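The values are calculated or read from the model by the stated rules, or taken from the named source; none is laboratory data. Model, not experiment: these values are computed from the prediction. Backbone-built Cβ (ideal geometry, glycine too); neighbour counts: all protein chains shown. Areas reflect the complete protein model, heavy atoms only, side chains present, ligands, DNA and RNA absent. Shrake-Rupley method; radii C 1.70, N 1.55, O 1.52, S 1.80 Å.
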Amino acid sequence: MLNDCLAGIRVLDLSQYIPGPYATLLMADLGAEVVKVEPPAGDPMRGLPPLKDDGTSHLYDAVNKGKTVVRLDLKADADKAVLADLVAGADVLLESYRPGVMERLGFGWERLKALNPRLVHCALSGFGQTGPLSQRAGHDNTYMALAGALHASGTGEEPAPVMPYPPFADHAGAMQAVIATLAALVRRGRTGHGGTLDVSIYESALTLQYLNHVTAATQPAERGHELLNGGAAYYRIYRCADGAFMALGAIEPKFWALFCDTVGRPDWIDRHGDRFPQTDLTAAVAALLAGHPRPHWLEAFAGVDCCFEPVLTPMEALTHPHAVARGMVALTPDGGDALFAAHADGTAPPARKPHTEAEAVAVRDAWSSQTNAK
């Protein structure tokens, strides 16, 4: 099973909000022991809506499952000493401070390396540790904006680019941090030495714009003019008569032909190669699909394999028979949790456990005793 792949790996999480906590959530899914260090008042994400009946955040719970949460005042010498002990026993330290904060706290890379030469330190920041924007504040939409990721987003029918949801750059940065950390752990297994990683949320979004970059100087992508953002009639989201939506992704001509035959418009088949944007064809498809409610189209296409699927609500997605059959969801009274997206040795991922609260000194003492016992 995948949840024993990082068994024995200890991760210190000094991050807040989404990117860092989501990265360490994935590490916890893979079996790492994750200890999340929060300030005395806690991670500010604890108060972000939507809130549970007890006033705590559903979002905070979602990205911190399986972790042990401790609180330290890193401006106090006694708590700094506890953190130093935890660093000495850790394999990974992931933090999301602005560049320079770790140094001011007394935990710059040279100190971390002296405390633990085998430590993998991942600094996950908005714009990276160097460069003219390194000290600039940001959030997902501003990282996406500067990465050029919003320019061609949307079909062109909207008055402005469309912001993706959930936050795209935040999660891209988290996954980049996990990939880099796992690679550094593999290197450590070969060399015996840790290292420091500089991962930028902005750059994680930037590097995923490769489809836009290859022709950026000669054929810049525009909203609603490309194959994948609304320029193709066969790759669009369409509204049904009941206000629900269907997603059509019939890029291959054989799928488009099946779609056209099923809706009774074989005369559209040869228009697959029309020049983008396929405005007239898009309007015709939209008018046809708007003539019936979603259940009609689901029945009509029940046995047709042509990349035509309903746009589900989050709850519909969690309870979809395929997700359930694959063991990919854990349902709760408030909704549910989509689990780590991989099976290992034919086994589905296990459900995540809630986070637990603990005293930092207790975790330190446990780590110390376990290290001494090795």
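Only DSSP H runs of four or more residues enter the estimate; each adds -39500 (n - 2.57), and after division by the residues of the chain the mean residue ellipticity at 222 nm equals -10000 deg cm²/dmol.
Looking at the chain, the DSSP beta bridges with both ends there are about 35 percent antiparallel. The Cα atoms of the stretch 99-142 define a convex hull whose projected area, averaged across directions, is 3.6 nm². With respect to the chain, whose longest principal axis is taken over its alpha-carbon atoms, helix 168-191 is tilted by about 50°. Of the solvent-accessible surface of the chain, computed with a 1.4 Å probe over protein heavy atoms with every protein chain present, carbon and sulfur atoms account for 58 percent. On full extension, the segment bounded by VAL162 and THR191 gains 5.9 nm, given 0.36 nm per residue less the C-alpha separation.
For ASN141 and ALA317, the FRET efficiency from 1/(1 + (r/R0)^6), where r spans their Cβ atoms and R0 equals 35 Å, is about 0.90. For the stretch 55-123, the set of trypsin sites (Lys or Arg not before Pro) satisfying both a DSSP loop assignment and a count of at most 11 other C-beta atoms within 10 Å is given as LYS75. Within the full protein context, the accessible area of CYS5 is estimated at about 80 Å² for a probe radius of 1.4 Å. Springs between Cα atoms under 10 Å define the GNM used for the chain, and in it the highest mean-square fluctuation of GLY47, GLY89, GLY66 occurs at GLY47.
Taking all protein chains into account, the per residue accessible area for the chain stands at 51 Å² (1.4 Å probe). Please determine, in degrees from 0 to 90 and to the nearest 10, the orientation of helix 279-289 with respect to the longest principal axis defined by the Cα atoms of the chain, where the helix direction is its Cα long axis. On a 0 to 90 degree scale, this one is about 90. Positive contributions from Lys and Arg (+1) and negative ones from Asp and Glu (-1), summed over other residues with Cβ under 9 Å from the Cβ of ASP79, come out at +1. The label-point distance for GLU309 and LEU105, in a model that sets each label 7 Å from Cα toward Cβ, rounds to 4.0 nm.
Around GLY42, under 11 Å between beta carbons, what's the net of Lys plus Arg minus Asp minus Glu among the other residues? That sum, taken over residues with Cβ under 11 Å, equals 0. The spacing between the stretch 311-371 and the stretch 245-284, judged by their C-alpha centroids, is 40 Å. The charge dipole of the stretch 21-66, taken about the Cα centre with unit charges on the Cβ atoms of Lys, Arg (+1) and Asp, Glu (-1), comes to about 60 debye, rounded to the nearest 20.
For the chain, modelled as a Gaussian network with Cα springs under 10 Å, which listed residue fluctuates most, ARG294, ARG352, ARG98? For the chain, modelled as a Gaussian network with Cα springs under 10 Å, the answer is ARG294. Tilt of helix 19-29 relative to the longest C-alpha principal axis of the chain, in degrees (0 to 90, nearest 10)? So the inclination is approximately 80 degrees. Most tightly packed first, judged by the mean number of other beta-carbon atoms within 10 Å of their residues, the peptides 136-149, 354-367 read 136-149, 354-367.
For the stretch 291-367, the spread of Cα positions along the three principal axes, ordered from largest to smallest, is 66, 31, 17 Å. Distance between the 7 Å Cα→Cβ label points at ALA7 and HIS292: 5.3 nm. When only alpha carbons of the stretch 209-326 are considered, Rg and Dmax amount to 15.6, 47 Å.
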